[in-house]
Structures are given as structure tokens and as C-alpha cells.
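For reference, the structure discussed in these notes is given below.
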Amino acid sequence: MFQKKVVVITGGAGGIGKCIGEEFRKAGAYVCVIDCAEGNHYVGDIARQDTLEDFARTVIEKYGRVDVLVNNAPPMMHGIDSCTWEQFQNALAVGVTAPFYLSKLFGPYFAPGASIINISSSRDRMSQPQTESYTAAKGGIAALTHALAVSFAGRVRVNSISPGWIDTAYTVYDGPDAIQQPAGRVGNPMDIANMVLFLASDKASFITGENICIDGGQTKLMIYHGDHGWTLNP
């Protein structure tokens, strides 16, 4: 399905991004990864404009086109009590500006039927205390998704995925960690990779501008003190 397709993944050296890259490679794609971690890929900080421009130039010089762009690199999480100006700006640069700018840089080179898939988070609609930098960036990329979908109408489909609790070590949880999730378990990277490959395929040709939450149903669970064993201890 993806034989010789050119797939670009940010933050693809580990976790969800690595899993996505592995699945695309299994399907025959050429995978171009950028990550700040050392490894056999383009190493660079996507918060920097010059890095994004050089990376995009490298991809186009080698392949001449892009079929799939996966904006996956996660911003850092800092809360309002301790987050500095620089940390908040960096989170937005990684989580929102870089996906925007890579979409712009690759704009003239997207192949027919191309797809952009942004990785947001279920935190784009719910929060824990002291998560402002990460949550703001994830909310930003979710909104950026439908804006890009309209701007790229007829040329590139753009969708986002909002993962819930995804354990990148594939830990199998039991007890409350598992049963609090309506699906009965914690997620793993394959739960996200499977949806990325679907959204990038022709099977999803009528889906664009959409955000798909993959969280085991957790954001649909209403919680009240005293209900089904839930208690609030202020």
C-alpha cells in the first residue's frame, strides 16, 4: 500500500514515532525521521527555523516529493507555577510552529493523494494541574489541523490523532490503571500507528480536518464523587 511512498516523521527516534516509522517501513515506504536524539536519522532541534529548512531541503533533494507528513514530536510539559517564558515558547515552537512550517516547506512538494497527520493529545480537551505548556501546544495543533485541511483542500488531506494514556514500553497494567479505562486496558504505540497508516491510506480518502481521539474511552467517562468507587480527597 505504501510501497516507495515518502514518509516524514518528526520525533521518530522513539516511542510512538518510532513505532509509526517501523510500520511504514514494513509497508514498503521510505521513512525520513528528524529527532533531537542521536541516531541513524537527521538529528536536529525542530524548534529552530534553520533546522527545519535544512531538513526539508535534505528530504526533497533525495526524494523530490512527500507523500505523508507525520508531525509527532512532543513538546515539553511545564506548569504555570514553574514554566518560564522560554520553556513555554519552546513548547509552542515544537508543538505548533514546527508542524505549521514543515507543512509550508513541503507544500509545493506534496504528491497527489498526500496526507498530513498531526499527533495531538486527549489533553487538547482535558487537563491535569501544571501541564500548561504541553496542553496549549496540543490544543494548538488540533486547531491547526482543520485550518490546514481547508487551506490544502483538494491537494492534501490533514487529520489529527489525540492519544490518551499510551505506554511506549508496552507495559501491561492491571487493577485500577486498567479498569478505569472503558476499554479495559492502557494503550500502546500500535494503537496510534494503526490509525496513522489508515488515515494515510486511500481507505481514508473522504476524511480530512478530523481529530480522532484514541484513549480507550477515557474522555467519555463521567466522574462523580462516590460513583462506582471514585472519591475526591482534596
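I'd like to check something: does segment 163-171 contain any residue that is assigned to a helix (DSSP H, G or I) and within 21 Å of the chain's Cα centre (by Cα)? Spell out the reasoning first.
So the first thing to find is which residues in segment 163-171 are assigned to a helix (DSSP H, G or I), and the list is none.
Scanning segment 163-171 turns up no residue that is assigned to a helix (DSSP H, G or I) and within 21 Å of the chain's Cα centre (by Cα).
Pairing each residue of segment 1-25 that is among the hydroxyl-bearing types (Ser, Thr, Tyr) with any residue that is outside any loop (DSSP other than H, G, I, E, B) and modelled with pLDDT of 95 or more, provided the two are 6+ apart or on different chains, yields C-beta distances under 6 Å for THR10/ILE34; THR10/ASN71. The lone criterion from (1) in contact with a Ser or Thr (Cβ under 8 Å, 6 or more places away or on another chain); (2) modelled with pLDDT under 95 left unmet by GLY209 is number (2). The residue that is nearest to ASP67 (Cα to Cα), among those in segment 183-234 that are assigned to a helix (DSSP H, G or I) and over 17 Å from the mean Cα position of the chain (by Cα), is ASP202.
Among the residues making up segment 31-87, those that are within 24 Å of PHE152 (Cβ to Cβ) and of a type in the set (D, E, K, R) are GLU53, ASP54, ARG57, GLU61, LYS62, ARG65, ASP67. Scan segment 123-133 residue by residue and report those that are touching a residue at least 12 places away in the same chain (Cβ under 8 Å) and either part of a loop (DSSP other than H, G, I, E, B) or within 14 Å of GLU210 (Cα to Cα) (or both). Answer for segment 123-133, where residues must be touching a residue at least 12 places away in the same chain (Cβ under 8 Å) and either part of a loop (DSSP other than H, G, I, E, B) or within 14 Å of GLU210 (Cα to Cα) (or both): ASP124, ARG125, MET126, PRO129, GLN130, THR131. If the condition is being more than 23 Å from SER160 (Cβ to Cβ) and among the polar types (S, T, N, Q), then segment 52-91 contributes THR58, SER82, THR84, GLN87. Of all residues in segment 95-106, those being out of contact with any helix residue (DSSP H, G or I) (no Cβ under 7 Å at 6 or more places or on another chain) and touching a residue at least 40 places away in the same chain (Cβ under 8 Å) number 1.
The values are calculated or read from the model by the stated rules, or taken from the named source; none is laboratory data. In this text the structure is predicted, and so the values were computed from the model without any measurement. Neighbour counts run over all protein chains shown; Cβ positions are idealised from the backbone, glycine included.
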